[in-house]
Amino acid sequence: MKNQAIGSERGAVLLISLVFLLLLTVIGLSAIQGATLQERMAGNARDINVAFQSAETALRAAEVVLQQASLPEFQGSNGLYLVCADTESTATACKVPDWASAQSTTWVPVTGVDEVARQPQYYIQKYISVYDIGADLAADEVPPIVDVYKVVARGFGVSDTSLAAIETTYRRD
């Protein structure tokens, strides 16, 4: 009887274990691909966050410039421009930097930011002076005049392909 049982075996256990091993391999490869994808997503999120923080640093540096007692002339260089009413104006003071431009005379670089591909940059545009409509309006007084500026800052992440841009309006009395 024993000889007959041994002769009737045909390797079913071997076949089942090979199929099971194949399924485990497919599941393992899928898990590796999922982990790799999550790692890339986490790296991209970090890169975007670093770029945004870098742009925030440039924005704060521009605000420090605007808080000085006296400001330099807005002549269209060194990151200082005018907002011109005529959109077709060819005046140098009205031409803002191109986004592809990295020249130091068009964008103002901010130094000292670690772990970024390029240092953050900003430029400032001066609007025309306006009356402060939020001030107390006495019948016999002219409202005070305030200066309004637009600050555009851009920051780069760990890789040179990530870019964050921030734009804000700054009021100076």
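Which of the following values of log10 I(q)/I(0) by the Debye sum over Cα atoms at q = 0.08, 0.12, 0.17 Å⁻¹ was calculated from the structure shown: [x] -0.25, -0.55, -1.02; [y] -0.30, -0.66, -1.11; [z] -0.46, -0.72, -1.05?
[z]
In degrees between 0 and 90, to the nearest 10, how far off the longest principal axis of the chain does helix 12-66 point, with axes built from Cα atoms?
It is inclined by approximately 10 degrees.
Using +1 at the C-beta of Lys and Arg and -1 at the C-beta of Asp and Glu, which of Met41, Ala164, Pro109 has the Cα lying farthest in the positive direction of the dipole of the chain?
Met41
Please check: in the Gaussian network model of the chain (C-alpha springs, under 10 Å), which one of Leu21, Leu163, Leu59 has the largest mean-square fluctuation.
Looking only at Leu21, Leu163, Leu59, the biggest GNM fluctuation is shown by Leu21.
What distance in nm separates the two pseudo spin-label positions at Arg10 and Ala42, each 7 Å out from Cα along the beta-carbon direction?
5.0
For Thr92, Thr106, what's the fewest-to-most ordering of other Cβ within 10 Å of each Cβ?
Ascending Cβ contact count within 10 Å gives the list Thr92, Thr106.
If the label point is 7 Å along Cα→Cβ of Val83, which residues in region 158-173 have backbone nitrogen under 17 Å from it?
Of the residues in region 158-173, 166-173 have backbone N under 17 Å from the label point off Val83.
Taking amide hydrogens as modeled 1.01 Å from N in the peptide plane, which residues meet the under 5 Å criterion relative to Arg118, leaving out close sequence neighbours?
Phe156
Taken together, the values in this text are just the output of simple stated rules run on the coordinates, not laboratory data. Because the structure is predicted, anything quoted here is derived from the model rather than measured. Cβ: placed from backbone, ideal geometry, glycine included. Neighbour counts: every protein chain shown.
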